[in-house]
Structure formats: structure tokens, C-alpha cells
Amino acid sequence: MKKTVFFGAVTVAGLAAGLASAATLDDVKARGTLNCGVTTGLAGFAAPNAEGVWEGFDVDLCRAVAAAVLGDPMAVNFVPTTGQTRFTALASGEIDMLSRVTTWTYSRDTDLSFEFAGVNYYDGQGFMVPRALGVSSAKELDGATVCIQTGTTTELNLADFFRNNNISYEPVPVETNAEGQQQYLAGACDVYTTDASGLAATRGTFENPADHVVLPEIISKEPLGPVVRHGDNEWGDIVRWTLNALVAAEELGVTSENVAELAAAPTDNPEINRLLGTESELGAMMGLDADWAVRAISAAGNYGEMFETNIGESTPIGLARGLNAQWTEGGLQYSPPFR
Amino acid sequence: MTSLTDPHKPAFRLSQLIYDTRYRSMTIQVVAMILLLTAFGWLINNTVENLGALGKDFDFSFLGSRAGYDINQMLIEYDNSMTHGRAALVGILNTLLVAFLGCITATIIGVFVGVLRLSKNWIVSRLMAVYVEGFRNVPLLLWIILIYAVMSESMPRPNDFRGEDPSASMILGDSVAITNRGIYIPRIGFSNSLSGNEAVAPIEGATPLATGAIDWILVFGALALSVIAVRYVRKKATITQEATGVRPTTWYWQIAILVIPVLIVSLFLGLTFSSPYLKGFNFTEGTHLRNSLIALWIALSLYTGAFIAEIVRSGILSVSKGQSEAAFALGLRPSWTMNLVILPQALRVIIPPLISQFLNLTKNSSLAIAVGYMDVRATLGGITINQTGRELEGMLLLGLFYLALSLLISSLMNVYNNSKKLKER
């Protein structure tokens, strides 16, 4: 019997020791890949291309973080998540960061114990209807059937909007953007609602985009950004400042093309020098080397380049910078100073 | 006199715990118990530690806070200003609805197919075999999605019913509309409703209608009384038959007793059907059977029906051939032989596995996630968890609900089983 007690004690002690988990940064370095949660497919933001390689605005942020931390922008393991599974995946540690058009809200930040590492796209919820319906305002949608991705903030905004305007609707819950698109095109719902950027991205993949209109009403604020778990501040800092570095790079004119040249030797601009690690050791303060920002910018370009190649006006999605322009150009994208 | 001494009693040694058969089983049980408790303790400890590490507590108060989301199919009153608890209840009722409908249709399909599969007609029995093997061997999820896709892709849109020369039209005298958003059937209303609901006229000039619980209780109450009366009539006929050998003809009495009281109550309440009609984007009035409900219901019924058919077939085959030969020798018709001799005996074999099929169907209804049917998994286990971040609490409640429902179903079916099983005296 004594032996049993002894083994029991050993077991309990061993299990208790296993509970104290390592920090996310160490986990990622030890694993050699970054587990990044993305959408199950939203053109322009995150979708696999014909070769099966993930591409998009949210994907590029994951690649930038991977480049900063691991030195390899391709060392990312993309985990597709739905509106319902994303937070569980993040909370359980299945993914290290979530870059999935996720709206920053009070309760997600506090009650759900997550940490939003900034805003990479300022968005708002809109409505898309077939042009043939002849609807010109969302307030004319009384009695309409609305396709809505379940488990999102858009679901709550939609309920509030129709309630405030005292009109009725019939929600058709869908799980993913692809499913919503299929239901909408089949005419099983009159209206598709999600973030305006998502509507543009979805419409861009239609056969005849001109047959569908996005209504003028934007019914909510949807600041979309990368999310990490609460409590691991060091990892949160890395994601936050990688995003900031991309924004600052655009402001300072550092692009994927000239970054190598600018990083080769100190320039006249001390802010660029600090960002690119040619002056003072900013990288070491968060446990990375001096070149972290250079790698992050080389991965997919600065914020402006990421925007233009994935969702900008030259792409089928065709989004204008709008609120997402640099603060110097009347937008909201603003990086705190690197010093 | 020599005093008898007790035989020498060997001292207890530790090794006896393993080598002595008197103690061994006890030792094994104690060790197993300790291991089990350690495992449970570790699980609970792990949960508590991890919740602590995430800065979360264990709290069910979210059930009382405002839900904020809408649900399309509501069997009770609900809007987005009500609580998460109420939303969960709406979901529970939706789960119960599809499970109830599914169990009934699956049983009907299963019994028919099971009997027909034993038919001597080659074509009929082969066709039934194809059905059983086809549905049993393809995952349920595929059937649900297939039916849903067929409904939403190939049925006409509500807009197609509009205009001078519509490309689609309503069926059954303009009372039923089959659209890609579901099937709209006439709604039953009462123009003299007793429930105090405000009566509403669907279209200008139409009779005002309302539906309420009291009206339905009256109608079903009348029906229940009629059924009891019919049983009494039958019993009396049997008594007469046993006394005289001739069974009096009572079928017209039975029909009259069943129909007339319900008819009188309905007329008194002013029963009216209101057909769906196009207004704005959709059909209004009428009852809307959504695609998601239809897809889930049909797929669950056909899938579980295939299993039940096999159970019924095995039950019938388990009845010895001598039983039907004896029945035929007595001059019973084949249909009577089946109903009076074979099925009652087959039921004893059929019911126990049937219970687990009902449980399977109920639990499989959580596949509603695939088509956006708002069952309890979608409300409590989906949107509520997502909006409040209470995964552990929500999933525990969900598990508890399915456990309670399954236990309830199996205990009800066990009562039925006890009434049918072979009485051993």
C-alpha cells in the first residue's frame, strides 16, 4: 500500500509540474512554426490560391509576425476557423494568434480574456442586395430574409438595427462566408450582411458583380484586428509592434523594395534607424533580434503595400483606403513612435 | 480433559493482498478506485488551473443577461431583448420538435420498409433493400446537406410567384407555396379565439384570426375524450362478441364519435385556414416550414428509418415460422396474421434496439449546425457561447440537456417495453 501512495504522490507532483506552461514566444520558437488562425476563406483577406498557398491581407500579417519571430515568412501553419470556433481555438492554445477579421469589442477584450493587438482594418457592417430588387436603403428591408454569419458581432448589430428601425426580418444563419455566398446567390436570402470589406470581397468573386449593390448604410463600427490570449504580454507586444512597424514603415517610406538598402547602413532619419535596428537595440527589448522589423517588412511589404496587393483599388475587391489611410493623409492608421 | 485450542491462525502478511484469492479482488478494486479518483482529480484540477490561468471564473449568471440575437424559428415568444436562458429554451424546443417529428416519421418509414423488405414481390423487396443499404451506408451529414442544397438551389424563389405570368405557382388550390426558403402551408386560426389574443385580419376583408393555447387545448381535449369513447365502444363490441359470437358493426359509430365533437368545438371557435400570400420580400401568413427544418427532418427520418427497417425485419424473422403456419391453418388472412400474431411477438425483439435508434436520432439532431437550424446547440451551444465566452458552462449545460433528454426518452420507452415484453410468471 505504501508503494501505491508513493506512486500516487509522484503522479500528482508530475502532473502539477506539467501545468506551468511556457510562454507563447518560446513555444513558437521551439515549434519552428507560427499557428495562425484565419478565416475559412474570404478573398483578399485570407484564402488559399490555386497552388494552395494562403494569401490575403490577414495572411500577410501572420507572415510578417512569423518573419519577425522565426525569420521565415512561410513558417506559418494556417488554421481555418469559423466565427464560432475562432475564440475557442485561441483560448485553448490551438493557435498562437488570430488574424481573422475579428472586431475589437469591450467584452471580447475583458470578459473573454483576449487582447487585441491593434487594428489592421477599420470597417463597418453593410448590406448587399441584388440590384434587381430595386432597394436603395437598408430601411426598406422590412420583412426581408437576411443571411448572416452566426457567432459574429454582425449578428448583434443586425438585431439592433432592425429593432431600432422597428422593422422585421428573417435571419438565415450560415456558418462561413462561402455558405453565405451560396445561399445569397441561390436567392435563399434577399440580403447578405457582413462587414463592408467582406461584402466587397465577396462581390468581387461573383460572376456579375454589377448585378449586386452594397447599400449606403453602414450600421456599426467594426475595428478589425489581430487577437492574442490575455496574460502573455510579451507575445502580445510582438504582434502589436509588428503591426505598428508595418504602419510606421509606410509612413516613413520604407517598402519591401528599399528595406534591405535602408537597413544596410544607418540613414539620416533616426526613426528609420531605430525601426530597422541600425541604431539602438529595440528588438532586444521584446526578446527578438535587431533585424526583426526588416524581416517583417520584407515578408509582404509595409501596411500600404499589403493593402494594395490584396484588397486595394487595383484588385477585384477594389477597396479604397478611406479610414485606413495613414493619419497624415486623413485616415486612422497611426503607429505610436518607435523609441 | 484437554481443552481444545483454536487451530493456529497464521499472521496476516502483505503478500496475501496479491496472492490470496480472498483479498486479491479487493486489492484490485482499491487500486482501480485510486487510479480513477486520481484521473478525475487531475481533470478537475486541470480545468480549475487552466480557467485560473485564463483569468476566467465558473459562473452561470450569463443565462440571465440579454441575448441580443434573433432566432428565426420560435415555438415560444422570443425577441432579442430577452435573456440567453430564454434563447436556450427556444433552442431546446426546436430540438424537441425535430426529434419528435423525426422519431414519428422514422418509425412509420421503418415499419413499412421492414415489412415490405420481406415481401415475396421481388421488385418491392429489392427496392427496399436499395433504400436501406443506400441510407444506412452514407453519412447522415451528407443527406442533410444534400436535401438542403436541393431545396435552396432548385426550388423557385418567392419572386418567381409574382407578376402577370409567374414562372412558379402555388399548389393545392393556392394554399401551399414551395419556395427555396422553405414550404409555406396554411395556418390554422380561430376567429372566436378564447385565448385573449388580439385577432388579426391577414388581408383586408378577411376574417380576423388568432391562435392560442386555450383553443388548442379545447380541440385536443375533445379529441382525447372521443378516443376514450371509441375505446369504450370497441370494448363493448368485444364483450358482445364473446357473449354471442357475433361482433356488432360499429365502425360508423367510431367515426362519428371521433369526428363530430372535434368538429363542433372547431366550429364554435371559428376554425379558419389562412393561406400564405406574397407580401414584400416573402410569403406572409401561413406557417413557414424552413428549409433547415425540412432538410433535417427528412434526412433524420430517412436515415434512422433505414436502421429501424432492419430492426423490424429482424424482429419479424425472429418469430418462429410455426406461428404464421398455425395462423394460416386457423384461416386468418395474411394481414391479420401480421397484425395479430407476428407483430405483437416481434415487438418484444424490436423495442429494445428501437430505443437506441430514438436516442441516436435525438442526438443526431445536433447536426443541425450544417444547415443553420436553430436547435439548442446553435443557440446555447453556439451563439450564446460565442457572445459570452462561457464555453465550459455552455457545453456542460448542453451535455446535461442531451443526457436528461436521452434518459427521459429511454425511461419512457422502457415503460412501453415492460408492457409489451414476455410476462414470466
For this session: State log₁₀ I(q)/I(0) for the range B:80-155 at q = 0.15 Å⁻¹ as given by the Debye formula over alpha-carbon point scatterers of equal weight, solvent excluded.
Result: -0.77
For this session: Per residue of the range A:299-310, in order, report the coupling 6.51 cos²θ - 1.76 cosθ + 1.60 (Karplus, θ = phi - 60°) as ³J(HN,Hα) in whole Hz, putting x for Gly and Pro.
Result: 4, 9, x, 7, 4, x, 5, 4, 5, 5, 6, 9
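Provide a whole-number value for the mean count of partner chain Cβ atoms within 10 Å of the Cβ atoms in peptide A:181-194. Walk me through the numbers on the way to the answer.
Details: counts 0, 3, 7, 0, 1, 9, 11, 11, 4, 7, 1, 0, 0, 0.
Mean number of neighbouring Cβ atoms from other chains: 4.
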Problem set entry | Residue mean of other protein chain beta carbons inside 10 Å, B:142-151 | 1
Exercise. D for the protein assembly as shown, whole µm²/s, Stokes-Einstein with Kirkwood Rh over alpha-carbon pairs at 37 °C and 0.692 mPa s: what number?
Worked result: 104 µm²/s
Seminar exercise, completed: Residues whose modelled amide H sits under 5 Å from the amide H of B:Gly182, counting only those 5 or more places away in sequence or on another chain, are B:Asn291
Problem set entry | Per-residue HN-Hα couplings for the range A:316-331 [Karplus 6.51, -1.76, 1.60; θ = phi - 60°; Hz; x = Gly/Pro] | x, 6, x, 8, 7, 5, x, 5, 8, 6, 4, 4, 6, 10, x, x
Problem set entry | Test item: B:170-181 mean partner chain Cβ contacts at 10 Å | 1
Problem set entry | Debye log10 I(q)/I(0) for the range A:186-270, one point scatterer per Cα, at q = 0.11, 0.12 Å⁻¹ | -0.62, -0.70
Problem set entry | In Hz, Karplus ³J(HN,Hα) per residue of the range B:275-285 (6.51, -1.76, 1.60; θ = phi - 60°; x = Gly, Pro) | 7, x, 9, 6, 8, x, 7, 9, 6, 10, 6
Problem set entry | Greater than 22 Å apart at Cα, pairs in A:Lys139/B:Lys279; B:Lys363/B:Lys420; B:Lys120/B:Lys321 | B:Lys363/B:Lys420
Exercise. Which of the helices in chain B, when you take each full DSSP H run, stretch at least 30 Å along the axis at their Cα atoms and have an average Kyte-Doolittle score of 0.0 or higher?
Worked result: B:21-53, B:84-117, B:213-244, B:291-318, B:391-420
Seminar exercise, completed: Nearest 10, in degrees from 0 to 90: the angle of helix A:57-70 to the longest Cα principal axis of chain A is 0 degrees
Seminar exercise, completed: Under 5 Å from the placed amide H of A:Glu170, counting only residues 5+ away or on other chains, we find A:Ala144, A:Thr145, A:Val146
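If you rank A:Thr278, A:Thr39 by fewest surrounding Cβ atoms within 10 Å, what's the result?
Values: A:Thr278 18, A:Thr39 28.
The order, fewest Cβ neighbours first, is A:Thr278, A:Thr39.
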For this session: Would you please name the GluC sites (Glu not before Pro) within the range A:77-158 that are DSSP coil residues with at most 14 other C-beta atoms within 10 Å of their C-beta?
Result: A:Glu94
Exercise. So how compact is chain B: Cα radius of gyration and Dmax in angstrom?
Worked result: 29.8, 125
For this session: Specify the inter-centroid distance of the range A:265-313 and the range B:273-322, based on alpha-carbon positions, in whole Å.
Result: 61 Å
Problem set entry | Cα-centred dipole magnitude for the protein assembly as shown, charges only on beta-carbon of K, R (+1) and D, E (-1), debye, nearest 20 | 5900 debye
Exercise. Can you give the percent of C-alpha pairs in chain A whose distance is more than 29 Å?
Worked result: 43 percent
Problem set entry | Values of log10 I(q)/I(0), in the order q = 0.18, 0.22 Å⁻¹, for the range A:124-221 under a Debye, Cα-only, solvent-free model | -0.74, -1.17
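Quote the charge dipole size of the range A:124-221 about the Cα centre in Debye, to the nearest 20; the model charges only the Cβ of Lys and Arg (+1) and of Asp and Glu (-1).
On the way: 5 positive and 12 negative charges, 46 e Å.
Dipole size: approximately 220 debye.
Values in this text are rule-based calculations from the coordinates and carry no lab data. Since this is a predicted model, take the numbers as computed values, not measurements. Reconstructed Cβ throughout: ideal geometry from the backbone, glycine too, with neighbour counts over all protein chains shown.
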